[in-house]
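Everything below concerns the one structure shown next.
All of the numbers you see were taken from the coordinates with simple rules; none came from a lab. Treat the numbers as computed from the prediction; the structure is a model and nothing was measured. No Cβ is skipped: glycine too gets one built from the backbone with ideal geometry, and neighbour counts run over all protein chains shown.
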Amino acid sequence: MSQPPAEGEGSTADEVAEILEQELTSLEGDLAGDTGLAGDVDLLMRDLQERTADLQRLHAEYQNYRKRVERDREAVRDAAVATALVELLPVLDDIGRAREHDELDGAFKVVGEALEAAATRLGLEGFGAPGEPFDPTVHEAIAQESSPDVETTTCITVFQQGYRYKDRIVRPARVVVAEPETSAE
């Protein structure tokens, strides 16, 4: 059996117990403080997630804005080019008529070809040739005939060439159309 502690030894054990209790209380307080820090960390993480989501939304809105501005800019450019091309159509018609009558030669021929090439580079496409099927969305019929030579309504004469810029018709082709003859039964 162990001997009871001597008078000086007992007080030291009590002091050690008291110190240990104080440290335990201090550690419990620190642990409670750590729980508060954990709550702060959770709050900060939620705040960070909200800010990240806000930033992602803002980035998406900015990208959509840039695309919309680019589309609008392209539409304005297309409208301006189409307006300029419409003003050039009578000149292109005159060049075509001069070519048909062999009156386009020398320097005028070079200028005419350069103007036609520039209009083509800008995206102007001509259409309306004899033999094309008649399409009322791109052709304007100015006369109509019956013909045994055609099976569907067909353009037989082109009075004025039509033009298209990108997906819009700048001017319909003015044509004479031939329709198949109907047999009288």
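When each of the peptides 169-175, 96-102 is scored by how many other beta carbons lie within 10 Å of its residues on average, the order from highest to lowest is 169-175, 96-102. Pairs of alpha-carbon atoms within less than 8 angstrom and 6+ residues apart define the contacts here; what relative contact order does the range 75-174 have, in percent? Relative contact order here is 28 percent.
Each Cα pair under 8 Å and six or more residues apart adds its separation to the average, and for the chain the resulting relative contact order is 15 percent.
Could you work out the helix-only [θ] at 222 nm for the chain, with each DSSP H run of four or more residues adding -39,500 (n - 2.57) and the total divided by the number of residues, to the nearest 500 deg cm²/dmol? Value at 222 nm, helices only: -22000 deg cm²/dmol. Net charge dipole, the chain: roughly 1860 debye, given to the nearest 20, about the Cα centre with Cβ charges of +1 for Lys and Arg and -1 for Asp and Glu. Across every direction, the projection of the convex hull enclosing the Cα atoms of the range 63-185 has a mean area of 11.0 nm². Each peptide in 15-23, 135-143 was scored by the mean count of other Cβ atoms within 10 Å over its residues; highest first, the order is 135-143, 15-23.
Value of Rg to Rh for the range 124-185, rounded to two decimals, is 1.06; Kirkwood radius and Rg both from alpha-carbon coordinates. Highest mobility in the GNM of the chain, judged by mean-square fluctuation with C-alpha springs under 10 Å and restricted to A114, A84, A13, is found for A13. Roughly speaking, what is the centre-to-centre gap between the range 139-174 and the range 74-88 when only Cα atoms are used, to the nearest Å? Cα centres, the range 139-174 to the range 74-88: 24 Å.
What does the charge dipole of the range 124-185 about its Cα centre add up to, to the nearest 20 debye, if the Cβ of each Lys and Arg holds +1 and the Cβ of each Asp and Glu holds -1? Roughly 580 debye for the range 124-185.
Loop-located chymotrypsin sites (Phe, Trp or Tyr not before Pro) in the range 96-145 (DSSP state not H, G, I, E or B) with no more than 14 neighbouring Cβ atoms inside 10 Å do not occur.
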